Amino acid sequence: MMRGFRRALILGGGAAVTAMAAPAAANEVTITVTDLRSSEGVVRACMTTVEKIFPKCIKDPDSHRTVVPANGTVTIRFKGVKPGKYAIALLHDENNNGKADRALGMMPKEGYGFSRDAKVRMSPPKFEDAVFELGQQPKTLTIKMRYFL
């Protein structure tokens with residue numbers, strides 16, 4: 001009798017370890033973009049977990065990216081997102097040329113926004129300023145579009 005109990009305990013313990021090792025379920029991140037100054041062009045969104053390339057997360061093959069029309073308040077949804085630490089960069093590409101246009105080579109001419117409303121000072125914010133955690137529940141964020149010029 002004791003031998004059977006011990007075997008059941010060992011087998012049951014193994015099942016618990018297997019269940020704990022299963023990958024976490026993917027989730028959804030919903031972003032509401034506010035304060036667009038016009039309905040011209042598109043909003044480009046990129047979400048990454050890679051700190052060293054942020055905010056240019058196009059270099060991350062595992063990043064979540066999308067382009068949506070700029071019209072009033074924009075809602076962006078990234079589905080199938082694994083739990084982890086992410087940062088989001090937005091660009092209001094008003095002339096839809098696929099790049100962030102600059103005046104005098106430095107100052108952004110188009111709108112930008114970052115998760116956690118990370119501030120732009122003399123350069124784009126660091127990953128740590130924009131990072132948020134996605135757990136097992138869907139995440140909803142609001143990002144205000146900002147314009148330098």
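Identify, from the list LYS99, LYS139, LYS119, the residue that is over 12 Å from the mean Cα position of the chain (by Cα), open to solvent by 20 Å² or more (accessible area, probe 1.4 Å) and within 20 Å of VAL67 (Cα to Cα). Step through it out loud before you land on a result.
On the way: LYS139 fails: over 12 Å from the mean Cα position of the chain (by Cα); LYS119 fails: within 20 Å of VAL67 (Cα to Cα).
The unique qualifying residue is LYS99.
Any idea which residue in the range 102-116 is least open to solvent (accessible area, probe 1.4 Å), counting only those that are in a loop (DSSP other than H, G, I, E, B) and over 21 Å from THR73 (Cβ atoms)?
First pass over the range 102-116, keeping only residues in a loop (DSSP other than H, G, I, E, B): 104-106, 109-110.
Restricting the remaining residues to those that are over 21 Å from THR73 (Cβ atoms) gives 104-106, 109.
Details: LEU104: 151, GLY105: 63, MET106: 137, LYS109: 103 Å².
The qualifying residue least open to solvent (accessible area, probe 1.4 Å) is GLY105.
Looking for whichever is closer than 27 Å to ALA26 by Cα, among the aliphatic types (A, V, I, L, M), in contact with a helix residue (DSSP H, G or I) (Cβ under 6 Å, 6 or more places away or on another chain) and free of Cβ contacts under 8 Å to residues at least 40 places away in the same chain here; the options are ILE53, ILE88, ILE58. Which one fits? Working first, answer last.
On the way: ILE88 fails: free of Cβ contacts under 8 Å to residues at least 40 places away in the same chain; ILE58 fails: in contact with a helix residue (DSSP H, G or I) (Cβ under 6 Å, 6 or more places away or on another chain).
Just one listed residue meets the conditions, ILE53.
Counting only residues that are closer than 18 Å to LYS79 by Cβ and part of a loop (DSSP other than H, G, I, E, B), how many does the range 37-60 have?
Total satisfying the criteria: 2.
The values are calculated or read from the model by the stated rules, or taken from the named source; none is laboratory data. Please read these numbers as outputs of a predicted model, since none were measured by experiment. Cβ coordinates were reconstructed from backbone atoms using ideal geometry, including for glycine residues, and neighbour counts include every protein chain displayed. Side chains are part of the model used for accessible areas, which takes the heavy atoms of the whole protein and leaves out ligands, DNA and RNA. Shrake-Rupley method; radii C 1.70, N 1.55, O 1.52, S 1.80 Å.
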